[in-house]
Amino acid sequence: MNEIIKGMSAHRSIRAYQSENVTKEQIQMITNAARWASTSNHVQAYSILSIQSKQTKQTLAELTGGQKWVEECPVFFVLCADYTRQRYASEKHGVSFDVGGAEQLLVAAVDVALVAQNMLLAAESINLGGVMIGGIRNQPKEVSELLGLPDYVFPVMGLAIGAPGQDITQKPRLPEQAVVHEEVYNTSQQELIDTYDAEIEGYYLERTNGNRSSTWTELMAQYTSVRKRAHMDHFLKEKGFLQSEKGENEMNRFTGIGDIYCVGRNYAEHAKELGNDVPKQPLLFTKPRSSLALADGQQLAFPHNKGSIHYEIELVLKIDRDVNQEDKLVDVVSEVALGLDLTLREVQDTLKKKGHPWLRAKGFPNAAVLTPFFAFTGEEACQTIPFQLQKNGELVQEGYTSQMIFSLSALFEEVKREFGLRKGDLLFTGTPKGVGELKQGDHFSLYFNHEEKGSFTVSE
């Protein structure tokens, strides 16, 4: 085995470092090696920020989730996707600039990954060690502000480098037969993965002196059970990436959605704040599909000329299949979303006084804002998980399903019995206290279990 392959095969993530500094010459060797990484179409859509300031590293350690090695390493690199040079090229030659598609984002992210690998290999070749830090995306907006990152630049990963201060066992990798396929994809990997599970379990038991017993599939099942860092969608759009095509039909995003059922006054404190009686049975109403809008970080327009518009955050159930009368909630709901039930308040008050239905107050375009769907963890688990609405960075609503007057199952049973439920139907389940007025320029973020699931800005 030659020295290059030997070095690549000996990689370990190093999270403890000796006190000695990484020299200027060593840093230059590492960054120069980065510059020669492969790049698609010679785009070179990356930038490297070298951080040695103790104060800056301390702040970055906090922003990455309290990873102390970010602060303790002699030098910390922040590796960014960067299209500012391409923007200048477009301006210089008088052509349009558009990096809003998924392909441009992938090109930049792959560029950064190749650069990062070159840097770590270079560091290891001169007896240094390091670890890549995905936590740099935990709070990307704050990282961008700290480092002065302009539009079309965002942090992809961090890289801590220093002289190794620990000697750890190399973590086993998936077997070659599981990741290397000849001619066609091999779908028969279960036995290989089961064997690998046992190897990983043994590794953790030995490394922790018997205090941890985890298999690879256990860790991966947990990792893929929910979407990670949902805030990145909105952040990337703010930075100029992942932009929708002009003229895109918004309703195409809701293909398969059926009827939309909603319940009013399902939280006692909400009924109280509006001066309404607490209902003795679910107060049901509907919204049209044309009222749906996606909370994907972009601007949404609303009919401000019709009076004040109030926001109400709710947990939204999505029905997986046509429902039989014997079906229970757990049988037919595997995904949920957060939604905003928006109301033309004065219009609703007038309709209520006349005894008319609420459709004109509840069914206008964009009156039902939804986040992307995510995994439903079950009715019991949901009772202790908060869902929250932030307006311009301030918490304005927070609720738990345990506070509902009518439980998720009770609402499901009521709608099933009265109207029937089909695949794709949605059920908005009521809003907690804290409703308020939506105004032009407001930015809203919707959170489940403290993780952002979607956001939007009210157009001027």
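The values are calculated or read from the model by the stated rules, or taken from the named source; none is laboratory data. Owing to the predicted nature of the structure, the values given are computational and were not obtained by experimental measurement. Cβ: placed from backbone, ideal geometry, glycine included. Neighbour counts: every protein chain shown.
Can you tell me which residue within segment 153-199, out of those that are of a type in the set (Val, Ile, Thr) and more than 26 Å from Ala123 (Cβ to Cβ), is surrounded by the most Cβ atoms within 10 Å (Cβ to Cβ)?
Among residues in segment 153-199 that are of a type in the set (Val, Ile, Thr) and more than 26 Å from Ala123 (Cβ to Cβ), the one surrounded by the most Cβ atoms within 10 Å (Cβ to Cβ) is Ile193.
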- Query: Could you give every pair whose Cβ atoms fall below 6 Å, whose first residue belongs to segment 141-168 and is farther than 25 Å from Val22 by Cα and in the same structural domain as Val78 (by TED's automatic domain parsing), and whose second residue is aromatic (Phe, Trp, Tyr) and assigned to a loop (DSSP other than H, G, I, E, B), counting only separations of at least 6 or pairs across chains?
  - Reply: Tyr152/Tyr83
- Show the residue pairs that are 6+ apart or on different chains and have beta-carbon atoms under 9 Å apart, the first residue being within segment 92-119 and surrounded by fewer than 19 Cβ atoms within 10 Å (Cβ to Cβ), the second being among the basic types (Lys, Arg) and modelled with pLDDT under 95. Phe97/Arg87; Gly100/Lys237
- Item | Those residues of segment 32-83 which are under 25 Å from Glu103 (Cα atoms) and either modelled with pLDDT under 95 or more than 25 Å from the chain's Cα centre (by Cα) (or both), in sequence order | Ala34, Arg35, Trp36, Ala37, Ser38, Thr39, Ser40, Asn41, His42, Val43, Gln44
- Options Val180, Val153, Val143, Val184; residue that is touching a strand residue (DSSP E or B) at 6+ places or on another chain (Cβ under 6 Å) and over 26 Å from His450 (Cβ atoms): Val153
- Query: Under 8 Å by Cβ, and 6 or more places apart or on different chains, what pairs join a residue from segment 256-270 that is closer than 24 Å to Arg422 by Cα with one that is among the hydrophobic types (A, V, I, L, M, F, W, C) and part of a loop (DSSP other than H, G, I, E, B)?
  - Reply: Gly258/Ile319; Val263/Phe406; Asn266/Ile405; Asn266/Phe406
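Might you let me know whether segment 214-222 holds any residue that is part of a loop (DSSP other than H, G, I, E, B), in contact (Cβ under 8 Å) with a residue 12 or more places away in the chain and among the polar types (S, T, N, Q)? Lay out the reasoning, then the answer.
Of the residues in segment 214-222, the ones part of a loop (DSSP other than H, G, I, E, B) are 214-215.
When the remaining residues are screened for being in contact (Cβ under 8 Å) with a residue 12 or more places away in the chain, the result is 214-215.
Now restrict to residues that are among the polar types (S, T, N, Q): 214-215.
Yes - at least one qualifying residue is present in segment 214-222.
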- Can Glu124 be described as in contact (Cβ under 8 Å) with a residue 60 or more places away in the chain, acidic (Asp, Glu) and not in a loop (DSSP other than H, G, I, E, B)? yes
- Index of the failed condition, Gln28 passing every other in (1) exposed (fewer than 12 other Cβ atoms within 10 Å of the Cβ); (2) touching a residue at least 24 places away in the same chain (Cβ under 8 Å); (3) not basic (Lys, Arg): (2)
- Residue within segment 75-91 that is in the same structural domain as Thr23 (by TED's automatic domain parsing) and over 24 Å from Gly240 (Cβ atoms) present: yes
- Query: Can you spot a residue in segment 209-228 that is exposed (fewer than 13 other Cβ atoms within 10 Å of the Cβ) and touching a strand residue (DSSP E or B) at 6+ places or on another chain (Cβ under 8 Å)?
  - Reply: yes
- Message: Of the residues Gly339, Gly355, only one is at positive phi and not aromatic (Phe, Trp, Tyr); which?
- Response: Gly355
- Restrict the check to segment 401-420 and report whether at least one residue is over 26 Å from Leu300 (Cβ atoms), in contact with a Lys or Arg (Cβ under 8 Å, 6 or more places away or on another chain), of a type in the set (Lys, Arg) and surrounded by fewer than 18 Cβ atoms within 10 Å (Cβ to Cβ). no
- Item | Flag for Leu106 being farther than 15 Å from Gly130 by Cβ, in the same structural domain as Pro140 (by TED's automatic domain parsing) and aliphatic (A, V, I, L, M) | yes
- In this structure, does Lys423 turn out to be touching a helix residue (DSSP H, G or I) at 6+ places or on another chain (Cβ under 9 Å), at pLDDT below 95 and surrounded by fewer than 21 Cβ atoms within 10 Å (Cβ to Cβ)? yes
- For segment 385-453, list the strands (runs of 3 or more DSSP E) that sit wholly inside it and hold at least 2 residues that are outside the structural domain of Gly307 (by TED's automatic domain parsing) and polar (S, T, N, Q); which are they? none
- Task: For residues that are of a type in the set (Phe, Trp, Tyr) and in a loop (DSSP other than H, G, I, E, B), scanning just segment 351-383, find the one that is modelled with the highest pLDDT.
- Result: Phe364
- Query: Considering segment 8-17 alone, what residues qualify as being touching a residue at least 24 places away in the same chain (Cβ under 8 Å) and either among the basic types (Lys, Arg) or exposed (fewer than 12 other Cβ atoms within 10 Å of the Cβ) (or both)?
  - Reply: Ala10, Arg12, Arg15
- Query: Of all residues in segment 139-151, how many are in contact with a helix residue (DSSP H, G or I) (Cβ under 7 Å, 6 or more places away or on another chain) and either at positive phi or surrounded by fewer than 19 Cβ atoms within 10 Å (Cβ to Cβ) (or both)?
  - Reply: 4
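Against the condition over 12 Å from Leu159 (Cα atoms) and out of contact with any Gly (no Cβ under 8 Å at 6 or more places or on another chain), how does Ala109 come out, does it pass? Explain how you work it out, then say what you get.
Numbers: over 12 Å from Leu159 (Cα atoms): yes; out of contact with any Gly (no Cβ under 8 Å at 6 or more places or on another chain): yes.
The answer is yes for Ala109.
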- Only one of (1) of a type in the set (A, V, I, L, M); (2) surrounded by 14 or more Cβ atoms within 10 Å (Cβ to Cβ); (3) in a loop (DSSP other than H, G, I, E, B); (4) without any contact (Cβ under 8 Å) to a residue 12 or more places away in the chain is not met by Leu205, so which one is it? (3)
- Item | Residue satisfying all of: in segment 152-175; outside any loop (DSSP other than H, G, I, E, B) and not small (Gly, Ala, Ser); farthest from the chain's Cα centre (by Cα) among these | Pro164
